[in-house]
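In what follows, a structure is listed as structure tokens, so that the remarks can point back to it.
The values are calculated or read from the model by the stated rules, or taken from the named source; none is laboratory data. Worth saying up front: this structure is predicted, and the values here are computed from it rather than measured. We place every Cβ from the backbone using ideal geometry, glycine too, and count neighbours over all the protein chains shown. When the accessible area is computed, the model is the full protein with side chains, heavy atoms only, and any ligands, DNA or RNA have been set aside. Shrake-Rupley method; radii C 1.70, N 1.55, O 1.52, S 1.80 Å.
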Amino acid sequence: PMLLDRKGGAAFLSSPYGHNHFWELYKLGADPAETEWESFCYTSYDNPRIDRREIDTIRRNTPERVFQTEYLAKFVDELGAVFRNLDAAATARPDALPDPSRRVIIGVDWGRDVDFTAAAVLDADTLTLLALDRFNGLSWSAARARIASLSRRWHASAVWAESNSIGQPNIEALQAEGIPVRPFNTNLRSKHNLIDALAVALERAEIALYRDPVLLAELASFRLEPLPGGGVRYTAPSGSHDDTVIALALAYHGARQGRISLDFA
């Protein structure tokens with residue numbers, strides 16, 4: 001209505017985000033019958049101020065569906081799905097046994113009542129999921145005892161745990177027991193990097209999972225959502241959980257850090 005009196009024009013600018021309202025507008029410009037509309041598409045490679053080699057570097061470390069959207073300006077259907085290739089990744093056996101010769105990393109996401117505490121045990125050299133523990137309703141002391149037992153059983157080189165909120169006191173208590181815990185502070189940016197790394201690894205079949213129904217369901221339902229002020233966030237759908245996803249992502253993060261030597265004396 002604001003354009004009617006002067007027959008004005010408008011430019012609608014956006015990165016694609018699936019087949020949403022912007023997609024509908026873009027289709028108008030692509031339709032020869034809609035003579036008052038015109039659509040244009042430019043990729044990051046078309047920007048003369050950006051070195052193409054920089055974009056290639058980003059591509060190697062970015063999930064393909066994100067790169068297609070954010071850098072190639074493509075309308076990717078079902079963009080919200082974060083993790084792909086899950087069936088191909090689910091090749092590990094669920095009956096692994098502890099082996100002191102392995103370099104094992106454990107990722108821990110804390111929860112007690114509504115959410116769950118989840119722990120993912122990962123062989124850091126073969127990137128094979130060895131075990132997964134998930135529980136709630138326990139006191140924090142009981143939860144720590146369970147994590148400590150898991151760490152000792154699998155001879156963990158390091159345990160990466162969220163340090164936000166109740167995480168830091170639990171981490172300090174476990175460190176006092178000699179458990180090699182490393183803190184991970186989760187914020188919008190660090191979570192984005194954490195999840196991106198796991199998504200790329202699964203997309204490239206670099207991680208072997210076993211068919212745990214809870215883990216596979218949480219991975220399949222995990223979503224990328226746009227924020228009202230711009231940008232995106234990674235999250236589980238309302239009413240769902242992402243505890244095992246975060247635990248696995250933390251374990252993978254720890255495996256990528258290389259060999260870790262800690263002294264809690």
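Here are the numbers for this structure:
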{"quantity": "SER151 vs. criteria open to solvent by 20 Å² or more (accessible area, probe 1.4 Å) and either modelled with pLDDT under 95 or hydroxyl-bearing (Ser, Thr, Tyr) (or both)", "calculated": "no"}
{"quantity": "Qualifying residue in the range 78-96 (condition: over 22 Å from THR126 (Cβ atoms), touching a Pro at 6+ places or on another chain (Cβ under 6 Å) and open to solvent by less than 60 Å² (accessible area, probe 1.4 Å))", "calculated": "no"}
{"quantity": "Flag for ALA205 being among the small types (Gly, Ala, Ser), out of contact with any Lys or Arg (no Cβ under 9 Å at 6 or more places or on another chain), open to solvent by 30 Å² or more (accessible area, probe 1.4 Å) and modelled with pLDDT under 95", "calculated": "yes"}
{"quantity": "Set LEU130, LEU122, LEU138: member being out of contact with any helix residue (DSSP H, G or I) (no Cβ under 8 Å at 6 or more places or on another chain) and either buried (at least 18 other Cβ atoms within 10 Å of the Cβ) or closer than 22 Å to ALA173 by Cα (or both)", "calculated": "LEU130"}
{"quantity": "Residue match in the range 31-43 (condition: of a type in the set (Val, Ile, Thr) and either assigned to a helix (DSSP H, G or I) or open to solvent by 60 Å² or more (accessible area, probe 1.4 Å) (or both))", "calculated": "yes"}
{"quantity": "Boolean, ILE106 is more than 26 Å from GLU225 (Cα to Cα), open to solvent by less than 20 Å² (accessible area, probe 1.4 Å) and not hydroxyl-bearing (Ser, Thr, Tyr)", "calculated": "yes"}
{"quantity": "Unmet criterion (only one of (1) open to solvent by 60 Å² or more (accessible area, probe 1.4 Å); (2) free of Cβ contacts under 8 Å to residues at least 60 places away in the same chain; (3) farther than 29 Å from THR91 by Cα) for ALA176", "calculated": "(2)"}
{"quantity": "Matching option when the condition is open to solvent by 10 Å² or more (accessible area, probe 1.4 Å), in contact (Cβ under 8 Å) with a residue 40 or more places away in the chain and not hydrophobic (A, V, I, L, M, F, W, C), among ARG189, ARG223", "calculated": "ARG223"}
{"quantity": "Residue identified as surrounded by 14 or more Cβ atoms within 10 Å (Cβ to Cβ) and at pLDDT 90 or above among TYR26, TYR71", "calculated": "TYR71"}
{"quantity": "Residue check, ASP263 on the phi < 0 side of the Ramachandran plot and at pLDDT 80 or above", "calculated": "no"}
{"quantity": "Check on ASP46, among the acidic types (Asp, Glu), open to solvent by 60 Å² or more (accessible area, probe 1.4 Å), within 29 Å of GLU203 (Cα to Cα) and in contact (Cβ under 8 Å) with a residue 40 or more places away in the chain", "calculated": "no"}
